[in-house]
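Contents: one structure, followed by commentary.
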Amino acid sequence: MRELLVSHAKTMRIIALYCGVTIAIAVFMMTYFLRDKSEFDTPHPALSCKGEVHFSLQPPEATLTVMNGNISIITLGTQRLALHYSGQLREKEGVFYVNRTLLMDYLYHPENHVMELTYTGAHVSSLDTVPDALFYQALVRSNTLLMRVDEVGHNLLLFSSPESPQFMCTTQSISKRPVG
Amino acid sequence: MEYFINKRIHFDSDNGLLMLTGNEQSAIQLSRQGCRLLSELITHCGNTVSRENLLQRVWEEQALTPSDGNLSNHISLLRKHFFQLGIKKNIIITVPKTGFRLEADISLRAFSKEKFFSLKKRKDISLNITDNKENKDQKWIQKKGHVYPLIATIVTLSVLLPLSLYKVNRTASNLDRCKIIDLAGNRGLYLAEELKALTTFIKKNNIDCKKDNSIIYFKFTNALPRQNNGDMRVIFLAQCRRRNDNRITHCANYWSATLKR
């Protein structure tokens with residue numbers, strides 16, 4: 001009986017060892033892979049993102065506003081951000097070519113991934129033909145913007161206003177280029 | 001106690017019988033001294049037992065007169081019985097000027113656990129104890145004891161590994177080569193209506209799902225409730241093209257808002 005008990009105890013130890021190893025591996029994998037390894041959990045995310053856009057807005061009893069082109073978003077340090085627009089803007093006033101960069105101060109809230117954007121100025125390319133007021137009314141509309149930033153997948157970001165998703169872009173990796 | 005010598009010879013020490021295993025007809029009745037002598041040799045199997053020790057155990061302790069001649073005669077008789085029962089090789093070895101040694105494979109069938117363990121307690125015992133049923137059980141337990149935890153480990157890892165590597169948090173379906181993902185995660189009553197609106201929107205914007213391997217993310221939003229006699233419907237759709245390795249290379253966004261009064 002004693003021998004049998006000793007043998008069973010040894011077997012139980014082996015079973016317990018296997019179960020312990022399995023549980024340890026499982027816990028490690030879950031905490032490692034399921035954790036949010038995100039730039040956007042930090043207060044100053046480094047961002048460089050680009051996407052193609054086709055926007056259309058049909059106000060009541062008004063002409064359709066359409067923009068087709070590209071938008072890029074890039075952070076400039078820990079407080080400023082650049083929004084670059086390029087493409088074509090179609091308004092009741094006519095068809096215009098857009099090529100300008102909006103400069104914004106940003107304050108990022110990592111706890112809920114919300115970015116406060118405050119318009120500070122714009123750099124307008126010589127190729128841009130949109131009147132400032134028209135551009136502002138059609139595409140900016142307010143000096144401050146609230147955007148939620150979600151990582152939808154690997155290298156994929158979704159910017160959403162409080163009402164709806166606005167823009168999905170692919171992040172660009174920043175590579176070091178030799179100078180000279 | 002029953003012993004099996006080289007798996008061929010069955011020795012019943014209680015009854016003093018020596019026979020072929022499984023063949024009671026071949027039984028040879030041993031004398032009392034012969035039986036005790038063989039028991040002592042089996043007990044010390046593999047070790048040399050001195051003549052003095054044997055004389056003391058087999059004769060003196062039984063209140064019989066010890067005699068070297070008797071000892072030698074009984075050894076010869078045992079050798080003769082083993083030969084008759086088919087063990088041609090001499091398994092009782094004479095160690096000159098010392099004593100005798102039994103060289104054989106001894107198996108024991110313990111009829112009671114108490115006697116089994118009391119036998120094991122004696123340090124001079126060098127038996128190859130095999131209790132068939134218990135050893136079979138132990139082997140089964142040890143075998144299963146390794147196999148089942150291994151299986152549990154493999155099953156657990158194979159379930160957890162995919163789950164941990166993929167964050168599944170969106171509903172998805174397919175339209176040709178496009179994977180459709182609802183950003184709202186809705187599986188509601190309006191799904192059919194939304195799908196119809198989505199299909200119309202895709203066609204209207206010439207989004208090609210036959211050629212392009214892509215993911216389509218979409219969301220329908222009603223910004224203003226109808227009760228206020230206003231309605232703003234927003235359709236957002238992003239078609240993100242994938243390479244062969246499924247890495248997203250480019251996204252085209254379609255955002256359409258319609259305000260009604």
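Observations on the structure shown:
- Boolean, A:LEU64 is at pLDDT below 90, surrounded by 12 or more Cβ atoms within 10 Å (Cβ to Cβ) and closer than 26 Å to B:MET232 by Cα: yes
- Near pairs, Cβ below 7 angstrom, 6+ apart or cross-chain, from the range A:97-114 (more than 25 Å from A:PHE135 (Cβ to Cβ)) to any residue that is open to solvent by less than 20 Å² (accessible area, probe 1.4 Å): A:TYR108/A:PRO45; A:TYR108/A:MET115; A:PRO110/A:PHE40; A:HIS113/A:PHE40; A:HIS113/A:VAL149
- Any hit, the range A:126-147, residues being within 28 Å of B:ARG242 (Cβ to Cβ), in a strand (DSSP E or B) and touching a residue at least 40 places away in the same chain (Cβ under 8 Å): no
- Filtering the range B:238-251 to residues that are within 15 Å of B:ARG177 (Cβ to Cβ) and out of contact with any Lys or Arg (no Cβ under 7 Å at 6 or more places or on another chain) leaves B:GLN239, B:CYS240, B:ARG241, B:ARG242, B:ARG243, B:ASN244, B:ASN246.
- Applying the criterion of being more than 7 Å from every other protein chain (Cβ to nearest Cβ) and without any contact (Cβ under 8 Å) to a residue 40 or more places away in the chain to the residues of the range B:237-246, the residue that is most open to solvent (accessible area, probe 1.4 Å) is B:ASN244.
- Any chance B:THR249 is surrounded by fewer than 15 Cβ atoms within 10 Å (Cβ to Cβ), at the interface with another protein chain (Cβ under 8 Å from one of its Cβ atoms) and either at pLDDT below 70 or over 25 Å from A:LEU57 (Cα atoms) (or both): yes
- Filter result for the condition that a residue is away from chain B (no Cβ under 14 Å) and open to solvent by 30 Å² or more (accessible area, probe 1.4 Å), over A:ASP128, A:ASP105: A:ASP105
Let's see how each residue does on (1) of a type in the set (Phe, Trp, Tyr); (2) at pLDDT 90 or above; (3) out of contact with any Ser or Thr (no Cβ under 7 Å at 6 or more places or on another chain):
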position: A:ALA24; (1), (2), (3): no, no, yes
position: A:VAL27; (1), (2), (3): no, no, yes
position: A:THR31; (1), (2), (3): no, no, yes
position: A:GLN58; (1), (2), (3): no, no, no
position: A:ILE73; (1), (2), (3): no, yes, yes
position: A:GLU91; (1), (2), (3): no, no, no
position: A:TYR106; (1), (2), (3): yes, yes, yes
position: A:THR118; (1), (2), (3): no, yes, no
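- Filtered residues of the range A:148-164 (kept if free of Cβ contacts under 8 Å to residues at least 12 places away in the same chain and either open to solvent by 20 Å² or more (accessible area, probe 1.4 Å) or more than 16 Å from B:ILE248 (Cα to Cα) (or both)): A:GLY153, A:HIS154, A:GLU163, A:SER164
- Selection count where residues are more than 7 Å from chain B (Cβ to nearest Cβ) and within 15 Å of B:ALA184 (Cα to Cα), scope the range A:153-174: 5
- Qualifying positions in the range B:90-122 - over 17 Å from B:LEU37 (Cα atoms) and modelled with pLDDT of 90 or more: B:PRO96, B:LYS97
- Verdict on A:LEU117 being under 16 Å from A:ILE74 (Cβ atoms), under 15 Å from the mean Cα position of the chain (by Cα) and away from every other protein chain (no Cβ under 14 Å): yes
- Listing of strands (runs of 3 or more DSSP E) fully contained in the range B:13-118 that carry 2 or more residues being touching a helix residue (DSSP H, G or I) at 6+ places or on another chain (Cβ under 6 Å): B:99-102
- Residue in the range B:209-220 that is open to solvent by 20 Å² or more (accessible area, probe 1.4 Å), modelled with pLDDT of 80 or more and in a strand (DSSP E or B) present: yes
The values are calculated or read from the model by the stated rules, or taken from the named source; none is laboratory data. The model shown is predicted, which means the values in this text are computed figures rather than measured ones. Positions of Cβ are generated from backbone atoms using ideal geometry, with glycine treated the same way; all protein chains shown enter the neighbour counts. When the accessible area is computed, the model is the full protein with side chains, heavy atoms only, and any ligands, DNA or RNA have been set aside. Shrake-Rupley method; radii C 1.70, N 1.55, O 1.52, S 1.80 Å.
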